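Working notes for the structure below.
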Amino acid sequence: MKLRRLVIHSPVRARSFRRFSPKACCSLAILCAVMGIIACHKRPADPPPLPYLAFVAIQQSRSVVVVDLAQYKVVASLSVAPDPVQVVVRPNSRQVCAISSTGILSVIAFPELRVIKTIRAGHSARDLQFAPDGSRAYLLDPDAGQIVFLDAESGRESARVHADSKLSHLALTPDGKTLVAVNDESQRLYFVNVATQKILDSLVVGKNPGPIGILPDSSKVFVANTGEKVVTAIDVATRKILSHLELSSHPSSLIVKPDGGEVFVLSAPESTLTILDAFHDNVEQTLTTGREPVAAVLERDASNLYIASAADGSIIALDAPNRIVLASTHVGISPHALALTPDERFLVVADNGSSSLEVLRTDRTALVTTIPVGSQPVDIVIPDWLRK
């Protein structure tokens with residue numbers, strides 16, 4: 001236990017301290033020691049640190065592997081439905097959901113680390129979204145062209161909304177009121193009212209629309225038109241196109257800054273990062289990245305952006321406000337997904353090519369260790385023990 005320094009304030013002047021008798025000085029010393037011991041015993045003990053657990057979807061082995069990030073080892077391998085492609089933490093719960101492309105959700109309880117429920121959502125499934133309070137869930141059944149509404153507690157289906165065949169992407173506005181679905185073949189975007197479970201509107205955006213980014217205030221949605229060098233900005237309330245932002249490369253994924261001021265656009269084909277001014281719909285800057293950037297994650301204060309490059313096995317740490325590359329670290333063969341620990345001290349990388357999990361320290365972007373997890377890890381999530 002670390003002893004705290006005890007300071008005694010006395011009205012007696014320093015020079016008069018010499019007038020105390022030896023017996024008085026001894027008594028005072030004993031009193032100070034006793035008070036120090038009492039003060040230390042009254043200090044509340046620090047809570048024991050709880051290890052963060054990384055839940056990793058292992059596509060080929062039909063499992064979710066759980067890695068203890070304190071001990072750097074696999075502590076569980078849970079059998080789930082074939083072809084797991086996504087893992088998501090359900091808000092206000094101790095549950096992680098693994099989504100299989102075959103249309104089955106496997107609900108995992110933690111810290112028990114066991115599958116407690118399976119839910120059949122359709123012939124296919126992707127892009128699971130939870131309401132902010134965790135009470136409801138929404139996902140795509142792409143083969144049926146439907147959006148599935150679920151009661152998250154019971155797992156029962158409450159509704160299906162048919163939008164179009166071969167839906168490819170789904171997102172929920174942060175206020176939980178509107179679902180946005182994409183069909184890349186028909187080039188349409190669909191807006192669905194969550195409360196009424198009805199389609200509000202649809203509109204044509206661009207060639208092969210794909211990933212979606214929505215501002216934190218739910219005011220605007222950005223769509224990456226992967227078949228052309230364009231990102232489309234749309235007003236959510238009016239469902240009107242605000243602008244088509246022309247880029248120098250084909251957009252492949254979007255990351256929205258936590259304050260909504262900027263959107264970071266990755267281009268895997270051209271290996272670039274384009275930064276958009278989300279308030280004024282302007283292209284601010286285009287930077288080169290590692291080869292084929294496929295995933296990125298921002299720190300909560302948006303100070304650092306970490307980018308995974310699938311073709312060269314590198315992780316780039318970018319000072320986002322100043323547009324400066326802080327480090328480029330080689331981690332494996334083909335990094336596929338990224339997650340920060342809730343305290344943001346570590347960056348965890350699911351490496352599809354090396355069938356492993358790499359752990360890096362964020363203060364130096366230095367590789368700490370590599371943990372074998374199984375063939376084709378494709379997604380990763382790290383729940384926060386301190387929050388449900």
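Per-structure values
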read-out: Output for the stretch 152-186, where each listed residue is touching a Gly at 6+ places or on another chain (Cβ under 9 Å), outside any strand (DSSP E or B) and either open to solvent by less than 70 Å² (accessible area, probe 1.4 Å) or on the phi > 0 side of the Ramachandran plot (or both); value: Ala152, Ala163, Asp164, Ser165, Lys166, Leu167, Ser168, Asp184
read-out: The stretch 246-273, residues that are open to solvent by 10 Å² or more (accessible area, probe 1.4 Å) and either on the phi > 0 side of the Ramachandran plot or not in a loop (DSSP other than H, G, I, E, B) (or both); value: Glu246, Ser253, Leu254, Ile255, Val256, Glu262, Ser271, Thr272
read-out: Condition check for Ser101: touching a strand residue (DSSP E or B) at 6+ places or on another chain (Cβ under 8 Å), open to solvent by 10 Å² or more (accessible area, probe 1.4 Å) and more than 27 Å from Val75 (Cα to Cα); value: no
read-out: Long-range neighbours under 7 Å by Cβ, at least six apart or interchain, first residue under 12 Å from Ala54 (Cα atoms) within the stretch 75-88, second surrounded by fewer than 19 Cβ atoms within 10 Å (Cβ to Cβ) and not aliphatic (A, V, I, L, M); value: Val75/Asp68
read-out: Failed item in (1) touching a strand residue (DSSP E or B) at 6+ places or on another chain (Cβ under 9 Å); (2) in a loop (DSSP other than H, G, I, E, B); (3) closer than 29 Å to Pro84 by Cβ, with Asp343 passing the rest; value: (1)
read-out: The stretch 276-306, subset open to solvent by less than 30 Å² (accessible area, probe 1.4 Å), in contact (Cβ under 8 Å) with a residue 40 or more places away in the chain and outside any strand (DSSP E or B), residue farthest from Lys229 (Cα to Cα); value: Glu299
read-out: Qualifying position, being open to solvent by less than 10 Å² (accessible area, probe 1.4 Å) and either closer than 20 Å to Gly176 by Cα or in contact with a Leu (Cβ under 8 Å, 6 or more places away or on another chain) (or both), among Ala121, Ala76; value: Ala121
read-out: Tally of residues being open to solvent by 10 Å² or more (accessible area, probe 1.4 Å), of a type in the set (D, E, K, R) and closer than 17 Å to Pro51 by Cα across the stretch 355-388; value: 4
read-out: Residue count, the stretch 311-340 (criterion: in a loop (DSSP other than H, G, I, E, B) and open to solvent by 20 Å² or more (accessible area, probe 1.4 Å)); value: 7
read-out: Odd one out for Lys117 among (1) in a strand (DSSP E or B); (2) more than 18 Å from Ser63 (Cβ to Cβ); value: (2)
read-out: Pro209 open to solvent by 50 Å² or more (accessible area, probe 1.4 Å), of a type outside the set (A, V, I, L, M) and closer than 19 Å to Gln129 by Cβ; value: no
read-out: Gly145, sole failed condition from (1) open to solvent by less than 20 Å² (accessible area, probe 1.4 Å); (2) at pLDDT 95 or above; value: (2)
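The values are calculated or read from the model by the stated rules, or taken from the named source; none is laboratory data. Quantities reported herein were computed from a predicted structural model and do not represent experimental measurements. Using ideal geometry, Cβ is built from the backbone for each residue, glycine included, and neighbour counts are taken over all protein chains shown. Just so you know, the surface numbers come from the protein's heavy atoms only, side chains and all, with ligands and any DNA or RNA stripped out. Shrake-Rupley method; radii C 1.70, N 1.55, O 1.52, S 1.80 Å.
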